[in-house]
1. Using only Cα atoms, what Kirkwood radius does segment 243-342 have, in angstroms?
2. Tell me the carbon and sulfur percent of the accessible area for segment 633-723, rounded to whole percent, probe radius 1.4 Å.
3. Please report, in Å, the Rg and the Dmax of segment 119-228, where both are computed over Cα atoms only.
4. Between Lys338 and Ala616, take the C-beta separation as r, use R0 = 45 Å, and let me know the FRET efficiency to the nearest 0.05.
5. Place +1 on the Cβ of every Lys and Arg and -1 on the Cβ of every Asp and Glu in segment 560-704, take the dipole about the Cα centre, and give the residue among Ala701, Met650, Thr583 whose Cα lies farthest towards its positive end.
6. Per residue, how many Å² of accessible area does segment 211-337 show with a 1.4 Å probe?
7. At a 10 angstrom cut-off on C-beta neighbours, averaged per residue, how do the peptides 151-158, 177-184 rank from highest to lowest?
8. In vacuum, with every alpha carbon of segment 284-376 counted as one equal point scatterer, what does the Debye formula give for log10 I(q)/I(0) at q = 0.23, 0.24, 0.25 Å⁻¹? Two decimals, please.
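The values are calculated or read from the model by the stated rules, or taken from the named source; none is laboratory data. Nothing here was measured: the structure is a model prediction, and the numbers come from that model. With ideal geometry, Cβ positions are generated from the backbone for all residues, glycine too; neighbour counts draw on all protein chains shown. Heads up: the accessible areas ignore ligands, DNA and RNA and are worked out on the full protein's heavy atoms, side chains in. Shrake-Rupley method; radii C 1.70, N 1.55, O 1.52, S 1.80 Å.
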Amino acid sequence: MGHTVAALLVAHHNLPLFCQTGRVLRWMTAGESHGPALVAVLDGLPSGVDITTAVVAGELARRRLGYGRGARMGFETDEVELTGGTRHGRTMGGPVAIRVANAEWAKWRAVMSADPVDADLLAGQARNAPLTRPRPGHADLAGMQKHDLDDIRPILERASARETAARVALGAVAKAFLAQALGVRIVSHVVAIGAVAAPEGSPPGPADADRIDASPVRCRDAAASAAMVAHIDAVRAAGDTLGGIVEVLAYGLPPGLGSHTQWDRRLDARLAGALTSIQAIKAVEFGDGADLARRTGSAAQDEIIRADGAIARRANHSGGVEGGMSTGAVLRARAAMKPISTVPRALATIDTATGADAVAINQRSDVCAVPAAAVVAEAMVALVLAEAALEKFGGDSVAETRRNAEGYLARLAERGLSVPAIAATAAAIDTIVEPATTAQPTSTVATTAQPTSTSTVATTAAAPSAPRAARPAIDIVHNASIAARPGPAGERAAHSAPRGAPAGEPPAFVGGLAEPVHAQPAPGAGHPATAPAPAFMPPRVAPPREDQPREDQPRGGEPHESRPLVAPPRVVLIGLPGSGKTTVGRRVATLLDIPFADSDDLIARRAGRAVTEIFAADGEEAFRALEADVVSDALTSFGGVLALGGGAVMDPGTRRALGESGVPVMLLRAGLPTLVARVGDGHSRPLLAGDPGRRMAELAAVREPVYRQIVAHTVDTERRSLARVADVIIKLLPVRSRL
């Protein structure tokens, strides 16, 4: 009877028996390296996930970059087409199908034709010559033996790492789901290339993503990055190849994903299998990995303690996985990639056609693909985590998955079993759905994308240069509540879905919200304000759309008199100059029919002078004292939307008053180059005078840690309409703040 049931299950799902356990999410790729296209299918994804062609194309652009790549990366475009499962930028609940076209297909049309081709035509194609000298380290020989082939071509076409483009495309969808359902953020970086390793230190967070991608080798340490580039150059000159080590980190995972009950349900086992499935990956470890084997037991475990009412760990030696399940700590997985097997310096092999000794074929190849492997590893981790999340929480829509997860986290809180990264998070993501222009790498990547020092960053950032349009822009939020928050009828985008995220947040993106405000820095929640835009992207600043604010719009304004101003503010907005505090605040206040005020305007009204005049005549210290008094009064008597100067929260008394008021503090953020472009020469902003780019970077670096401590939510204003940003903010507000 058991065999009969198993057979029926296999027949029904068309899957091997060993895949039946927990396969709520399935993925598959098809296509050859030089075929017309790669095809990828993701089945089982809930409806309501925001994903667009531009987001997928952006992830594929990240995969193509990296120092040491071969010639193909210079002209590959990875033209993406979403052919099923999405409508108007959202998943519909059916299988998501993605097609990634091959830019070289015209050259290979006859050789790789799916249908029979005239023998005379093929005879004139040099590319059609049989390949009979298998490369050591590749799938060539074993594949010929397995499939009874006399030509390597059918094996190398499918075994090629080109196939990972399809995985990265699927990974983009999985990452969007994880972010929108659970607030999970995934980041990767290169730990070592060959013998050159980056110094050990605290692992990078989502805030470091742009800086990592800006490195030509995806290493966040500038000195190590330069040394890796030099190492690649030396090995290239010697006619050889290099491997290395990459690390993938997932932030915001709830505890309990995976299972201890079966070998194939253990989260670390599944992740290890997914990572070793990447071409040339030969080893995987979690947390401190192999180093744990050299320690005593007392030094190797993650001791459990109480911290601020939640359960915490003294360390994360295990990499966020214990007993096959996530612990709620940051997931850390490392993968070791061997050197590429196609070596310019010919390796010994045999000619299978003659049996004679020979040298291996030398297909066009990379010297080092480790940076790209990190991006592929991100995708595989995202797919496994998305599957594990759906096993745990289920849901036919992303909203249902999120509700189930919120219920689970609420139950943990009831039992006193919350973990710090989860206890204070939840709600709201709004993935960018406007198309983005993805620039292609050029021949200057190797020299122009070198890491820059902090002092150089400020100079670079002063130009209106855009970070790559290769990443989805996301609203990162920290939130003490995990209740869904519907916005005002008719005004909110119905598909903006709440979700949470851990501290240390978001990367920078280019956008179009312009706001003439006072000169205050604020990289939101870990935003890397000092990170340079990748040098391979052309300068670009997105012009504001019709529904976006302009620099010439009036700022500040008299509070509305429709409501009595004897209550704490409903929401406090902070952010860097140009992030949109005044413009967005006015919109939110209008939608909620409550007053709006800008602290600078309140200061100017009280002093009877403009802020610039106060700075010029009395100095910053006097201005700060006046600001603290004005903000203190507003926190007890202004019942509307209050936009604060970014420097206001540097005052300990102001931070204390904010905490005591219970008012949600939201940080509006955008990429540093975009902000600098928006504020212009900074003549009306005393703290930016002279060199806006350098000054903004310096101020951001000082204030970033303070922002992390007080911000309840961080909302990205890049490439998004004013209405969309206001909608997100309203969704994040507690119900009492919207009434």
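1. Result for segment 243-342 stands at 14.5 Å.
2. 52
3. 20.8, 62
4. 0.10
5. My answer, from the dipole projection, is Thr583.
6. 41
7. Averaged packing, sorted descending, gives the order 177-184, 151-158.
8. -1.15, -1.20, -1.24
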